[in-house]
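*Asks:* Take this structure first; my questions come after.
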Amino acid sequence: MIGGAKRIGVVVNDTNSDYIGEIVNGINSYCKEEKTPLFVFSIGEIDYSYRPFGYQQMSLYNFCNKNNVDGLIVCSSVIANHVENRRLEQFVKSLANLPLVSVGTKISGVTNVLCDSRIGIEEILDDFICNHGRNKFCLLGSVPNSFEAQERTEIIKKYLKSKGRRFDETCIIGGAFSYENAMQRLSEYWEKKGSFDFDAVFALNDDMAFAAMDFLARHNINVPKQVSVAGFDDVPRARCSRPTLTTVNQRLFEQGRRAAEALFKQLDGKRVSDEILVSPSACFRQSCSCVSASENALTLLNKDGNRNARTQSDSDGMGTEWLEKKTQLHVLNDFLISLEARINIAKFRKMFKGFAERFGISAAAVCVYNAPLYIKEDSGMQELPDGACILASYDSSRDFIQNINEEPIPFNPRERLLPENVIDTSSGMYGAWILSNCEAQYGYLIYRKGAFEDLVYSIMCSTFSKIVSEAWESSKAEKEARVRREAAARLNLISKTDELTGLLNRRGFLELGQQTIDIAVTLNQGGMVIFGDMDGLKKINDTYGHDAGDRAIKAEADILKKNFRASDVVGRIGGDEFVILAAGLEEPRLSEIRQNIEAACRAWGIVHNERFDISISLGCKEFTKDLSSLEDILKEADGLLYEEKKVKKNARH
């Protein structure tokens, strides 16, 4: 705590689901009352990633320490869908230097906020059996390593067994807690069976229940006349789907508030129970026919049979909400369209505030490492670098905007999330996002959340990742080009060019070539050094004179320049010796260049009506991080050149 003010962090997989959104809103509600900031760390799942390179977000774990927050709430059930409980406990306890509260999964030695799932599940199953005569039950959403999935599955198995209903492994269809996965598993079941053999579906969350209703509708199976469907969570869409969804309300908002309350008590030195139970309630709607299709779609029947019909103003509110979301999508679309032109770091710094403010963000900071980290999926947790800078920042609440004409603000991210006096983080809810592209990690974004949907913010953050990546790479390329231009200018000033051909002479080539290799190696890039020796130049000089020999040398130089890139370094280092350094060049492309050079040499004598032909032998050697001395590479390339000349000589005989 800084100056007595508490700072709270919450660890989630992401904030795009209604499930997480309700919990985080509950936590934030309590934090607002306590005038305390909330930092949301969306780290993804432990040892699993739904999308390529999604593992990069796990780096946010590095900020879950006393330097940045005073206490932590871990939504343990959603970050551990694909690992065993032992691995989850290991992960949570690695944060034990902070006061902790776990939501969703019981962790030993930690305060846990849990939902007694049994009550709501059994109420719905009892209704399906006793009031609607359902006998053949399908469980949708089994996830082997998910504690919540296992717990709910066992409750359903035991209850159905107690009621004499058949339930075994053939009644379970996967779903992985997502609409897409559930739809895929249901479709696979249909393809295999050619029918749907159940009259009741209990999905372990609402997203999978929506998938079940859509799947059944596609196959002309009526819900609820032929099949009753229930979910779990009571997300907002459950109240307005067609039909409305019978489900279990976990009181997620209340779970979030209770977790925050327990954490504050810990921070105040008060005793807190190891286990805080929140009782769920069953919500009976149209998908089980407790509420008829003719009734107000917003009508809810509770376990006691009491109806709760929402008013027309509630329905109008949903329409207004849709209009707000549509407006947000327009903002997002306009934002994406505006990024069609590539930008560098300087332009990004200038445009950042305008970008972020479109999304109702009143404060934000872009933190960029001094050099990118390169992280592979199997490389484990990486320590943060000790050098970074604030590239761009602003805080409208205190009329602050970083001067982009000054150098970025340096700081050490190992010591704290943000340096002082950048943005005011004493109140509000803040999102954190790792800025990365594939294996490269450039830094992170911290922003004060506004009223936009979390999914919109996720897309915004992903787009910022791409912008920062492209801007960094663009600025790097500009810097490299500038360094090369300046180096070339210096070389010209001290006469390091070959007078006859205009190419670099030996001294100039060795200096610029070594610089080019050093830059390429720093960027983890390889390339080729090609040593060339003209064939038969002495014979041309002896037979046709030195003027003819000079024409042959100049012609060979022109051919080499035309067949290599402008960024490649080409030099003449002896009478008939040429050398080329090409960063990033690989063998397949080199073979093509060889053929082009040979063809150009054959054509030259004919086009210029010369009495002699020109040709060149080439020896090539790749440079790497381990072989980066130009002098050493030239020696090896010269040896390979000698072998090629010997092959040519033998071929002529």
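*Asks:* Using only the alpha-carbon atoms, how far is helix 179-193 inclined from the longest principal axis of the chain? Give it as 0 to 90 degrees, nearest 10.
*Replies:* 80 degrees
*Asks:* How much FRET efficiency would the formula 1/(1 + (r/R0)^6) give for residue 403 and residue 84, where r is the Cβ-Cβ distance and R0 is 60 Å, rounded to 0.05?
*Replies:* The computed FRET efficiency comes out at 0.75.
*Asks:* With a Förster radius of 41 Å, plug the Cβ-Cβ distance of residue 195 and residue 451 into 1/(1 + (r/R0)^6) and report the FRET value to the nearest 0.05. Display every interim value, and only then the final one.
*Replies:* Numbers: r = 46 Å, r/R0 = 1.13.
For residue 195 and residue 451, the calculated efficiency is 0.30.
*Asks:* Another question, then. Would you please give the FRET efficiency between residue 558 and residue 507, computed as 1/(1 + (r/R0)^6) with r the Cβ-Cβ distance and R0 = 22 Å, to the nearest 0.05?
*Replies:* E between residue 558 and residue 507, to the nearest 0.05, is 0.50.
*Asks:* In the stretch 116-158, which residues have a backbone nitrogen under 15 Å from the label point lying 7 Å from residue 168's Cα in the Cα-to-Cβ direction?
*Replies:* Taking a point 7 Å out along Cα→Cβ of residue 168, the residues of the stretch 116-158 whose backbone N falls under 15 Å are 137.
*Asks:* Which angle from 0 to 90°, rounded to the nearest 10, does the C-alpha axis of helix 312-337 make with the longest principal axis of the chain?
*Replies:* The answer is roughly 10 degrees.
*Asks:* Also, I was wondering about something else. Sequence-distant or interchain residues sharing an amide H contact under 5 Å with residue 201, placed H: which?
*Replies:* Counting only residues 5 or more places away or on other chains, the set is 138, 228, 229, 230.
*Asks:* Ok, one more. How much of residue 75 can a 1.4 Å solvent probe reach, expressed as accessible area in Å² and rounded to 10?
*Replies:* Its heavy atoms expose roughly 0 Å² to the probe.
*Asks:* Given the whole protein assembly as supplied and a 1.4 Å probe, what does the accessible area of residue 132 come to in Å², nearest 10?
*Replies:* Accessible surface of residue 132 is approximately 40 Å².
*Asks:* Any chance you could check the Cα centroid distance between the stretch 34-65 and the stretch 71-100 for me, in angstrom?
*Replies:* Taking the Cα centre of each part, the stretch 34-65 and the stretch 71-100 sit 12 Å apart.
*Asks:* Residue 415 to residue 326: extension gain in nm, 0.36 nm per residue of separation minus the Cα-Cα distance?
*Replies:* Full-extension gain reported as 28.0 nm.
*Asks:* Taking amide H positions as placed 1.01 Å from N in the peptide plane, with prolines and chain starts having none, which residues 5 or more places from residue 436, or on another chain, fall under 5 Å of its amide H?
*Replies:* 442
*Asks:* Still on this structure, I have one more. So what's the angle, to the nearest 10 degrees on a 0 to 90 scale, between helix 147-162 and the longest Cα principal axis of the chain?
*Replies:* 40 degrees
*Asks:* Calculated from DSSP H runs of 4 or more alone, at -39500 (n - 2.57) each and per residue, what is the 222 nm mean residue ellipticity of the chain, nearest 500?
*Replies:* One gets -13500 deg cm²/dmol as the mean residue ellipticity at 222 nm.
*Asks:* Hey, what do the phi angles of the stretch 22-38 turn into as Karplus ³J(HN,Hα) couplings, whole Hz, using 6.51/-1.76/1.60 and θ = phi - 60°, x for Gly and Pro?
*Replies:* Each residue of the stretch 22-38 in turn: 5, 5, 5, 4, x, 4, 5, 4, 5, 5, 4, 4, 8, 6, 10, x, 10 Hz.
*Asks:* What do you reckon, how do 189, 179, 374, 48 stack up by accessible area (1.4 Å probe), largest on top? List each step's numbers first, then the result.
*Replies:* On the way: 189 35, 179 60, 374 125, 48 85 Å².
Correct descending sequence by accessible area is 374, 48, 179, 189.
*Asks:* For the chain, what is the charge dipole size about the Cα centre, in debye to the nearest 20, if Lys and Arg each add +1 at the Cβ and Asp and Glu each add -1 at the Cβ?
*Replies:* About 560 debye.
*Asks:* Also, I was wondering about something else. Could you work out what % of the accessible surface of the stretch 215-300 is carbon and sulfur, using a 1.4 angstrom probe and leaving DNA, RNA and ligands out of the count?
*Replies:* 43 percent
*Asks:* Mind grabbing the accessible area of residue 538 for me, 1.4 Å probe, Å², rounded to tens?
*Replies:* 140 Å²
*Asks:* Got a sec? What order do 123, 439, 84 fall in by accessible area at 1.4 Å, biggest, i.e. largest, first?
*Replies:* The most accessible residue leads, giving 84, 439, 123.
*Asks:* May I ask you to list the lysines whose Cα is less than 30 Å away from that of residue 326, ignoring any residue fewer than eight positions away on the same chain?
*Replies:* Within the straight-line limit of under 30 Å, residue 326 reaches these lysines: 32, 347, 350, 353, 449, 466.
*Asks:* Same structure again: From the phi angles alone, apply the Karplus equation (6.51, -1.76, 1.60; θ = phi - 60°) to the stretch 636-647 and give each ³J(HN,Hα) in whole Hz, x where the residue is Gly or Pro.
*Replies:* 5, 5, 5, x, 5, 4, 4, 5, 5, 4, 5, 5
*Asks:* With each pseudo-label sitting 7 Å past Cα toward Cβ, what's the residue 220-residue 158 distance in nm, one decimal?
*Replies:* 4.3 nm
*Asks:* Per residue, how much accessible area does the stretch 118-185 show when a 1.4 Å probe rolls over the protein heavy atoms, in square angstrom?
*Replies:* On a per-residue basis, the stretch 118-185 sits at 46 Å².
*Asks:* Mind checking the full-extension length gain between residue 631 and residue 609? Use 0.36 nm per residue of separation minus the Cα-Cα distance, one decimal, nm.
*Replies:* Full extension from residue 631 to residue 609 adds 4.1 nm.
*Asks:* Residue 595 to residue 567: extension gain in nm, 0.36 nm per residue of separation minus the Cα-Cα distance?
*Replies:* Gain on extension, residue 595 to residue 567, equals 8.0 nm.
The values are calculated or read from the model by the stated rules, or taken from the named source; none is laboratory data. Just so it is clear, the structure is predicted and the values come from calculations on it, not from any experiment. Note that each Cβ is placed from the backbone with ideal geometry, even for glycine, and that neighbours are counted across all protein chains shown. Note: areas computed on protein heavy atoms with side chains; ligands, DNA, RNA excluded. Shrake-Rupley method; radii C 1.70, N 1.55, O 1.52, S 1.80 Å.
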